[in-house]
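Data first, discussion second: the structure below is written as structure tokens.
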Amino acid sequence: MAERKMNLTLKVWRQKNKNARGDFETYAAKDISSDMSFLEMLDVVNEGLIEGGKEPIAFDHDCREGICGMCSLVINGQPHGPDDGTTTCQLHMRKFSDGDTIVIEPWRAKAFPVLKDLVTDRSAFDRIIQAGGYVSVNTGGAPDANAVPIPKAEADLAFDAATCIGCGACVAACPNAAAMLFVGAKVSQFKHLPQGQPERKSRVLNMIGRMDQEGFGNCTNHYECEASCPKEIPVRVIAELNREYTRAALTKR
Amino acid sequence: MSTQTSFNPFRLVLDFFGSSIGAKILVALTGVIMWGFVIGHMAGNLQVFLPAPPDGYWGQQINDYGHFLKSTPALLWGTRITLIGAVFLHIGFAFRLTMKNKAARPSRYAMKRSQKSTVFGKIMPVSGIVVGLFILFHLFHFTIGLPVEVMGVSNDILQYQDQAGHHDVYKMLRVSFGQVGFVALYTICNLLLLMHLVHGTQSVWQTLGLNHKSWTPIARTLGWLLVAAIAAGNLSIPFVVMSYPPIAP
Amino acid sequence: MALDSRVPSGPIEKKWDKRKFDMKLVNPANKRLYKVIIVGSGLAGGSAAATLAELGYNVHCFCFQDSPRRAHSIAAQGGINAAKNYQNDGDSVYRLFYDTVKGGDYRSREANVYRLSQVSVNIIDQCVAQGVPFAREYGGHLDNRSFGGAQVSRTFYARGQTGQQLLLGAYSALARQINTGGVTMHTRTEMLDLVIKDGHAKGIITRNLVTGKVERHAADCVILASGGYGNVFYLSTNAMGSNVTATYRAYKKGAAFANPCYTQIHPTCIPVTGTHQSKLTLMSESLRNDGRVWVPKEKADAEAIQQGKKKAKDIPPEARDYYLERKYPSFGNLVPRDVASRNAKMMCDEGKGVNGTGLAVYLDFADAIVRYGKAEAHKHGLDEDDKETVQRLGKEVVSAKYGNLFQMYDKITGEDPYEVPMKIFPAVHYTMGGLWVDYDLMSNVPGLFVLGEANFSDHGANRLGASALMQGLADGYFVIPYTVGDYLARIPSSERYLKGAFSEDDGEFTAAESVVNERTKKLLSIKGKKTVDTFHRELGHIMWEYCGMARNEAGLQKALEKIPALRAEFWENVNVPGDGDNLNVSLEKAGRVADFLEFGELMCKDALERRESCGGHFREESQTEEGEAKRDDEQFSHVAAWMYEGDDKAPRLEKEPLEFEYVKLTQRSYK
Ligand SMILES: Cc1cc2nc3c(=O)[nH]c(=O)nc-3n(C[C@H](O)[C@H](O)[C@H](O)COP(=O)(O)OP(=O)(O)OC[C@H]3O[C@@H](n4cnc5c(N)ncnc54)[C@H](O)[C@@H]3O)c2cc1C
Ligand code: HEM
Ligand code: FES
């Protein structure tokens, strides 16, 4: 596709630190190439800010290829921006036009406090996994990998759930800042694998317990999470989560 | 040292409904109970359209039905208690969830674009509250008796008697829905109920974890049809009754 | 001080067992009395942290990302090798060992590689037990694909997200240990220096990237698993935060840096589009299973394509040069990476590049789509000659195999690779060099262990595809738990950290901390005119130009003049806004780039010194008549390990001779 150049207006959330009050600042992004990625566009703006002696806009990012889950940003009201099945770092400027105004905000949720500008603290996700998002197997002594065949269909279901990158877009998109797509994805992955069976009940109980403690909201079935998930994880995993939890909660010993 | 606790089903259920998912499920289950009631309630009321039986008179069918209910206290009170329980639990837990959900996003977005959520889903608490208030009004209107006169209708309507000496439900309806104001009120509230049920019906499968690649879409479509049927059935009563010639109170 | 690899004696297949048996053990009840620091939470660090905590050690793990799950290992796409021989195609531990040594162009240590091949089979078992969803066949058993440099199918994969799934496995094991208190995790924390006490590595200095707080951490030993340094080139397939700081700081504290010039340039990456480019994206090697690499035979055709006058489909089959298939008939498109990259460069140097910049070749799936489409049509009893059916079915198969890669390509380039061939070009991808380690993965500084891409150990001068994941996990799950134990068991109990033998308040710690503080202060006070990225980009240009895919004496000399000049300018003219007690992105970058500016010079020195070609290190002066890398085993069959001697002194070169008892040294051939 042929390269275009464009000038844009950015309205960016700036916040000095966790306790400071934030506000929007307006910046001009000039001469932006349609071949740039969204983050490269921000790099250009930041270079300009630094040259003007100002602090650059802080945002999280690392792999820049849509897999580490580090990048975030609510772009024009949509987590990870207007493109389907993409992270912010994969979003390219060819999705925008000359003269556009772009509003950029951080993930907003009680459980994800803003640390600076567009950077948020998502460690609540780690704590949910720590509560039970694993198979308790020590290194060594595992049986041969082919000892337990897993039907391809089940393996595929597990895989679809396992693609979660833990970026938090589901929480950002949810009207209730619920984390159930994230938790559901992990629970679903293990539910479909024989390795996940021994801890099937304790896992979901502990993870939901932690999720509630962290201050996430609850699913009221709007499916905004699915729509903004860069890995397109289906809300089926939330139904599975509900079922797994009910089963575990009512039959626990 | 054993940490084995004895099995306590009470605790188990309490813990479950104390959790976020348990609360959701309780809202869904009580919603389903009310669903059942709404259908039964509508089916009963549609008898207003049944023609007079041989040797009978217009409205006799529904009057007889009303009499049957009143003279079967076990059924009447059984239903009432279940419903009151369901309503309270539904409202209570829905309220709790809604407050938690609001608290989970203390600062709002300056710009937020929805991709999948519908108005029906977004206004669930509002439609719920309106429906709740409406139920209260509805109870005063047709069951307890209005404490004050509204649009020319007073608690006298509960005193109407038919030829058999039963409460004349038929006349009560004709008097009430002879008033355009009542028709409007019932229409608006039923539309909100419709909206509440549209989202509720789509939701309930997901909440209860009944998700299947092929069955869920079918269940959802059936749900839609049912909701539409309920709305049509419920709304037909005031509208059709209104079109009857006026009747003296 | 000579470098002693401490390889156990005996036949190669018995060495590891022997070593394990000779080790001193720590009593299980005593393990919690030892504190271990691990820098890095990638496959190497994460697996080591989890496993050591399972054993009972008191582990502190550090990463600069906001979660251990985001370590750069997450980005690995293609797969992980293991000598399982599930395909019954003749694989064995010995063959994997052989392929790896040969693929590394005979510049790795045989004993280490053999052990790697041995434990490779356990890795797959372990990962499956953790719930890693590897690709499966309909019968429910694990599937494999082929990777470059091998003629067997031994690569296990999870769609195009193998690294992600493996890392999430290690991360979940780590999370479990964090939950039990066995691991204390320090996220958004960057190691800025190593602390040495009485000749042993005993701690690190870190900066909390959110609060800016500089902290001292002491322990009984330090494990570095901080990944590779490919970002010295500015543009690479590495994550933006990948850095050399941890290993380079260790080097400055006395650890030997081995073979810094060994860089892997990956043949299949998305070409550069403009100066704004911040990173390059890899298209997995697995694509070469089915994609055919070509350029037009005629320069005129290539020029027409470059000017946008012709498209790939305008070039008829007979006018296409499938140069890898032509030159290497037995390995074809699956030659090792160094060979594939160099050939792409040669084609473009001949003026046959296929994009606007002339720096790209085609990777074409059209034939694969037809082949799969026909097979599917046949399977389902459909018309194999119906073009539309064949195309549809073929695309479905290709999508199931590589869907996410195709989607990624489409997102970045705006072109649909199902319809037009991909354009690819080599890019910096992996660094085989790293801190020198012995058989136990311990550096020459006692108590400093180095794992994963951060060490130099297993890949020689060129890493085979799908072997880095294998190495990271082998090191972390199956090697370090034993060898660290041996080191710790030898520390007398009175000298242990948790016994109060030393503390963060000791002179070595305060001194190291003040050096770190000084540096931060300096960086913040320059307030010059150029941004950190500008310097990084300039360094990248120098490195790519003179120390990239092809290197020569004159160029390297030139780089050795340019880099110190650029570094001097950096310390005069860099602009780092903001302050130090806050989240400060520019400051983080500045520290890393400052280290790259020193490290780049070391790389060029090493490249200059190694006057032979081997694997990824191609010295133009040393090539065969056909333009293949020509080794000089007489002079260079050694590991070049560099020792820091002081900022104003040249580093000292130590050599560890490489002996090959099992694999016969030959000119590598993939013909
Ligand atoms: C795009 C891509 C695709 C790849 N595909 C494959 C493949 O298909 N198969 C294969 O075998 N290999 C592949 N590789 C190579 C392989 O992924 C890496 O070599 C390997 O994952 C490195 O693992 P590691 O644990 O050594 O380091 P990393 O995963 O890079 O982890 C480094 C860790 O160290 C931490 N760290 C670094 N510096 C500091 C510091 N100063 N202070 C504190 N913490 C620090 C980081 O936070 C991180 O946790 C690929 C590489 C890339 C770039
Ligand atoms: C009485 C006043 C009522 C209030 C305040 C109320 C409120 C709510 C709220 C807040 C929710 C959850 C919102 C959500 O999940 O998005 C809900 C869900 C629901 N309600 Fe009500 N509601 C009321 C009456 C009713 C009635 C009369 C019915 C049925 C006839 C009903 C059926 C449902 C159903 C089926 C759900 C879906 C449960 C689910 O999430 O799966 N509600 N209600
Ligand atoms: S930066 Fe890694 S997913 Fe975007």
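The values are calculated or read from the model by the stated rules, or taken from the named source; none is laboratory data. Just so it is clear, the model here is predicted, and its values are computed rather than measured. FYI the Cβ positions are ideal-geometry reconstructions off the backbone, even for glycines, and counts take in every protein chain you see. For the accessible areas, the whole protein counts, side chains as well, though only heavy atoms, and no ligand, DNA or RNA atoms are used. Shrake-Rupley method; radii C 1.70, N 1.55, O 1.52, S 1.80 Å.
Observations
- With contacts taken as Cα pairs under 8 Å at a separation of at least 6 residues, the stretch B:15-76 carries a relative contact order of 16 percent.
- Scaling the Cα radius of gyration of the stretch C:520-634 by the globular reference 2.2 N^0.38 Å produces a ratio of 1.30.
- Over 21 Å between alpha carbons, listed pairs A:K95/C:K589; A:K191/C:K84; B:K213/C:K379; A:K5/C:K530; A:K191/B:K213; C:K279/C:K299: A:K95/C:K589; A:K191/C:K84; B:K213/C:K379; A:K5/C:K530; C:K279/C:K299
- Dimensions in Å of the stretch C:95-143 - Rg and Dmax from alpha carbons: 14.2, 41
- Intensity falloff of chain A expressed as log10 I(q)/I(0), Debye formula with alpha-carbon point scatterers, at q = 0.10, 0.14, 0.16 Å⁻¹: -0.55, -0.94, -1.13
- Counting Cα-Cα pairs of the stretch A:36-152 in 10 Å increments starting at 0 gives whole-percent bin shares of 11, 33, 26, 15, 11, 4, 0.
- Each 20 Å bin from zero up to the one holding the largest Cα-Cα distance in chain C carries the following percent of pairs: 19, 54, 25, 2, 0.
- Cβ-based charge dipole, the protein assembly as shown, positive-most Cα from A:I32, C:N462, B:N190: B:N190
- Within the shell defined by Cβ-Cβ distances under 11 Å, the residues around A:A20 carry a net charge of +3, with Lys and Arg each +1 and Asp and Glu each -1.
- Converting the Cα gyration tensor eigenvalues of chain B into ellipsoid dimensions via √(5λ) gives semi-axes, longest first, of 39, 23, 18 Å.
- Neighbour net charge for C:S9 - beta-carbon separation under 12 angstrom, K R +1, D E -1: +3
- Average Cα contact separation per residue, the stretch C:269-428, under 8 Å, 6 or more apart, as relative contact order %: 27 percent
- All other residues whose Cβ lies under 10 angstrom from that of A:I129 are scored, Lys and Arg at +1 and Asp and Glu at -1, for a net of +4.
- Hull shadow area, averaged, the stretch C:195-313 [alpha-carbon convex hull, nm²]: 12.3 nm²
- Partner aspartates and glutamates for C:K213 [C-alpha distance under 12 Å; skip if fewer than 8 residues away on the same chain]: C:E190, C:E513, C:D579, C:D581
- The Rg/Rh ratio for the stretch C:506-566, using Cα coordinates for both the radius of gyration and the Kirkwood hydrodynamic radius, is 1.18.
- The mean number of Cβ atoms from other chains found within 10 Å of a Cβ in peptide C:76-89 is 1, as a whole number.
- Separation in nanometres of the label points that stand 7 Å from Cα toward Cβ, at C:K213 and C:D314: 6.4 nm
- Taking only the alpha carbons of the stretch B:145-249, we obtain Rg and Dmax values of 18.7, 57 Å in that order.
- Net dipole in debye of the protein assembly as shown [+1 Lys, Arg Cβ; -1 Asp, Glu Cβ; about Cα centre; nearest 20]: 2440 debye
- According to the Kirkwood relation over distinct C-alpha pairs, the hydrodynamic radius of the stretch C:123-173 is 11.5 Å.
- Relative packing of C:649-659, C:301-311, C:205-215, A:107-117, which averages over residues the other C-beta atoms within 10 Å, highest first: A:107-117, C:205-215, C:301-311, C:649-659
- Compactness of the stretch C:269-428 as Cα Rg over 2.2 N^0.38 Å, two decimals: 1.05
- With the simple spin-label model, which puts each label point 7 Å out from Cα in the Cβ direction, the C:K18 to A:E25 separation comes to 6.4 nm.
- Calculated [θ] (222 nm, deg cm²/dmol) that DSSP helices of n ≥ 4 give over chain A, each run adding -39,500 (n - 2.57): -10000 deg cm²/dmol
- For the stretch B:1-122, dividing the convex hull volume of the Cα atoms by the residue count gives 190 Å³ per residue.
- With the convex hull drawn around the C-alpha atoms of the protein assembly as shown, the volume per residue stands at 208 Å³.
- Protein heavy-atom surface of chain A, 1.4 angstrom probe: 48% of the accessible area is carbon and sulfur, with nucleic acids and ligands not counted.
- Aspartates and glutamates with Cα under 19 Å of C:K630, excluding same-chain neighbours fewer than 8 positions away: C:D99, C:D105, C:D338, C:E553, C:D606, C:E609, C:E612, C:E620, C:E621, C:E659
- Across peptide A:50-62, the mean count of Cβ atoms from other chains lying within 10 Å of each residue's own Cβ comes to 6.
- The alpha-carbon atoms of the stretch C:69-209, seen along their principal axes, cover 50, 37, 23 angstrom, with the largest extent given first.
- Among the listed pairs A:K30/C:K562; B:K122/C:K411; A:K16/C:K527; C:K313/C:K374; C:K15/C:K102, those beyond 30 Å (Cα-Cα): A:K30/C:K562; B:K122/C:K411
- For the stretch C:405-482, the relative contact order is 23 percent, taking Cα pairs closer than 8 Å that sit 6 or more residues apart in sequence and dividing their mean separation by the residue count.
- Using only side-chain charges placed at the Cβ, +1 for Lys and Arg and -1 for Asp and Glu, the dipole size of the stretch A:123-251 relative to its Cα centre rounds to 300 debye.
- Cα-based equivalent ellipsoid, the stretch A:123-251: semi-axes from gyration tensor eigenvalues, Å: 25, 16, 13
- Zone of B:F49's modelled label, taken as backbone nitrogen in the stretch B:186-229 under 14 Å from a point 7 Å along Cα→Cβ: B:229
- Translational diffusion of the stretch C:379-469, estimated by Stokes-Einstein from the Kirkwood radius over alpha carbon pairs at 20 °C in a medium of 1.002 mPa s, is 123 µm² per second.
- Normalised size of the stretch C:437-494, defined as Cα radius of gyration per 2.2 N^0.38 Å with N residues, equals 1.24.
- Partner aspartates and glutamates whose Cα lies under 13 Å from the Cα of C:K352, excluding those fewer than 8 positions away in the same chain, are identified as C:E298, C:D301, C:E303, C:D321.
- Across every direction, the projection of the convex hull enclosing the Cα atoms of the stretch A:91-180 has a mean area of 10.1 nm².
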